[in-house]
Amino acid sequence: MKKVLFFLVVVIAAAGAYFYINPNEFSRLKQWAGFEKASPTKTIRIATEGAYPPFNYIDATGQLKGFEIDLAQALCQKMQATCEIVTQDWDGLIPALLAKKFDVIMAGMSITQERLQRVDFSDKYLNTPSRFVAKKGSDFEISASGLAGKRVGVQRATIHENFLRKLFPQAEIVLYDTLDNSFLDLIGGRVDLILADSVAVNDGFLKTTNGQNYAFIGPSYTEPKDILGNGVGAAMRKGETELLKSFNEAIKAIRADGTYKTINDRYFDFDVFGQ
Amino acid sequence: MDFQLVWQYFPDLLNGAWLTIELVALSLFVGFFLAFICGLAALSRYHLLRYLAQSYMFIFRGSPLLIQIYLIYYGSSQISWIKDSFLWAILSQAYWCALIALTLNTAAYTAEIVRGAIRNIPQGAIEAGKSFGMSRWLLFRRITLPQTLRLMIPAYSNEVIQMLHASALVGAITLMDLTATAQNLISRTYASYSFYLAIAVIYLVTTYVISGIFRLLERRLYRHLRLNEA
């Protein structure tokens, strides 16, 4: 009997501690039990990768930061919605969106035909070119034949992977789960070049002490549009027309009232919105 | 479940499965010999040998395989004396890093199985051998070794199956094994359910074959314990 009592006390104490740490869960429990009505202001759950500086990343103190995080908060303010921002690995973003784990993806995801078959995109909220990066002073000839047999690192399932496969089919393509891991192997010498978003490379690598011996090589790519997409937008499940409409309006609104520029200037010295 | 999609990419999955089987088979083969040396060393009369073997087993059984893979792959590329030595020719390749990590890991676990099996050999058998005046080598070859192999089987078949499943971790260092191939296909087609189910079936079939082999082996090695089927 004593043991049962002790066990019960432990369980209750653990549950109490859990709900004390996660008050959101407690209100969900109350809603579930019928003690509390779901709050009328809708909550939009936005997912990001958290490994793509300066757009979205986790800083030294463990806080989620970045241009897209600030942008998401500004958009939510415009939409008068409460937002919850969560992180999810790149590979799992679209599957988890479809599984309704969250409602929106803002993770530097380009608007491509391939993805449009599965999800809807808002209007673009940024557009930056792609570039190769290699060790300073390396003299790779950036052409289909020039990169034949060279090891090129790229984040998997990105526009950059598709771009490499189509335009540089003779290169030896090495796929990474995150961009950071590809930088590690570039430093380690396991790959010769990396193809990625120019801004992500610049802020996430070239500006850091790790990247000081590396530089862009070759031209900036924004074409062909059918591979590199039409900029980055917020992805949503198909059929969520209300949500889509409010996002598009909010994007227009923050472009017009200067909120976008304020956030832009925190991170960049040029307009990442593109043409 | 989208069978057509899975069928379309089935050759890719088979390629991945082949890499998985290759890595597991090679690491188990080398790991088995290492494990025997290590398991015997752990029971040695010499303090130093015993201490070395036991610390090796402790380290590799005490840390996650994923961390070992990361340490060997990313760690080696950050140590300059490794990068300047002949070792870099091997460690620069993800394949060899994975093979080394898997081998060292399975050897540590198998060494523990070997050690346990040797300690469980009936003392009477060893004493009988000694009373026949067998030399230490002959005693090992005729009694210790065959008994150890026999006693190891149930535990070792577990280890083999666990290695097959643990090998899914090598995808973390750019190798396109079965799991990584599926993940890559999923991130292109978003058909997570179909592909995860498909590779689960492939793992299942492989596991079934492995346990079948061990069952046959067991039947053969334990045939003296069966009643006469006359």
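What the table below lists for this structure:
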read-out: Carbon plus sulfur fraction of accessible area for the stretch B:91-230, probe 1.4 Å, in percent; value: 61
read-out: Mean separation of Cα contacts under 8 Å (6+ apart) over length of chain B, as relative contact order %; value: 30
read-out: Contact order normalised by residue count of chain A, Cα under 8 Å, 6+ apart, percent; value: 24
read-out: Peptide B:185-193 - average C-beta neighbours from other chains (10 Å radius); value: 6
read-out: Burial ranking of peptide ranges A:230-236, B:131-137, A:146-152 (average Cβ count within 10 Å, highest at the top); value: A:230-236, A:146-152, B:131-137
read-out: Three principal axis lengths of the stretch B:165-225 [C-alpha, angstrom, descending]; value: 55, 24, 10
read-out: Space enclosed by the convex hull of the alpha-carbon atoms of the stretch A:130-228, per residue, Å³; value: 82
read-out: Percent carbon-and-sulfur accessible area, the stretch A:54-103, ignoring ligands, DNA and RNA, probe 1.4 Å; value: 44
read-out: Those Cys residues of the protein assembly as shown for which no other cysteine Cβ falls under 4.7 Å; value: B:Cys38, B:Cys97
read-out: Portion, in percent, of the accessible area of the stretch A:233-275 that falls on carbon or sulfur, probe 1.4 Å; value: 53
read-out: Efficiency of FRET from Cβ geometry, B:Arg215 and B:Arg50, R₀ 41 Å, rounded to 0.05; value: 0.75
read-out: Whole-number D in µm²/s for chain A (Stokes-Einstein; Kirkwood sum over Cα pairs; 37 °C, 0.692 mPa s); value: 158
read-out: For the stretch A:130-228, with +1 on Lys and Arg beta carbons and -1 on Asp and Glu, the positive-most of A:Val154, A:Ser143, A:Ile173 along the dipole; value: A:Ser143
read-out: Antiparallel %, DSSP beta bridges [both residues in chain A], to 5; value: 55
read-out: Integer Hz, Karplus 6.51/-1.76/1.60 couplings in order for the stretch A:142-156, x for Gly and Pro; value: 7, 8, 4, 7, x, 9, 4, x, 7, 8, 10, x, 7, 6, 6
read-out: Cα pair distances exceeding 12 angstrom across the stretch B:102-159, given as percent; value: 67
read-out: Cα gyration tensor, the stretch A:55-171 - rounded (a/c under 1.5), prolate or oblate; value: prolate
read-out: Distance histogram in 5 Å bins (all Cα pairs of the stretch B:3-225, percent per bin); value: 1, 6, 12, 14, 15, 14, 12, 9, 7, 5, 3, 1, 1, 0
read-out: In order through the stretch A:3-14: 3J(HN,Hα) via Karplus (6.51 cos²θ - 1.76 cosθ + 1.60), integer Hz, x for Gly, Pro; value: 5, 4, 4, 4, 4, 4, 4, 4, 4, 5, 4, 5
read-out: Simple label model, 7 Å out from Cα along Cβ direction - A:Lys101 to B:Phe33, nm; value: 4.4
read-out: P(r) of the protein assembly as shown over all Cα-Cα pairs, binned every 20 Å from zero, in whole percent; value: 18, 42, 30, 9, 1
read-out: Where A meets B: accessible area buried, both sides, 1.4 Å probe, Å²; value: 1700
read-out: Helix-only [θ]222 nm of chain B, DSSP H runs n ≥ 4, -39500 (n - 2.57) each, per residue, nearest 500; value: -24500 deg cm²/dmol
read-out: Cα shape, the stretch B:1-75, gyration tensor, a/c 1.5 rule; value: prolate
read-out: Karplus-derived HN-Hα couplings along the stretch A:227-237 (A = 6.51, B = -1.76, C = 1.60, θ = phi - 60°), whole Hz, x at Gly and Pro; value: 9, 7, x, 10, x, 9, x, 8, 8, 9, 5
read-out: Most mobile of B:Val24, B:Val209, B:Val160 in a GNM of chain B (Cα contacts under 10 Å); value: B:Val209
read-out: Rounded accessible area of B:His165 (nearest 10 Å², 1.4 Å probe); value: 90
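The values are calculated or read from the model by the stated rules, or taken from the named source; none is laboratory data. Since the model is a prediction, treat every value here as computed from it, not as a measurement. Glycine gets a Cβ as well: all are built from the backbone with ideal geometry, and neighbour counts include every protein chain shown. When the accessible area is computed, the model is the full protein with side chains, heavy atoms only, and any ligands, DNA or RNA have been set aside. Shrake-Rupley method; radii C 1.70, N 1.55, O 1.52, S 1.80 Å.
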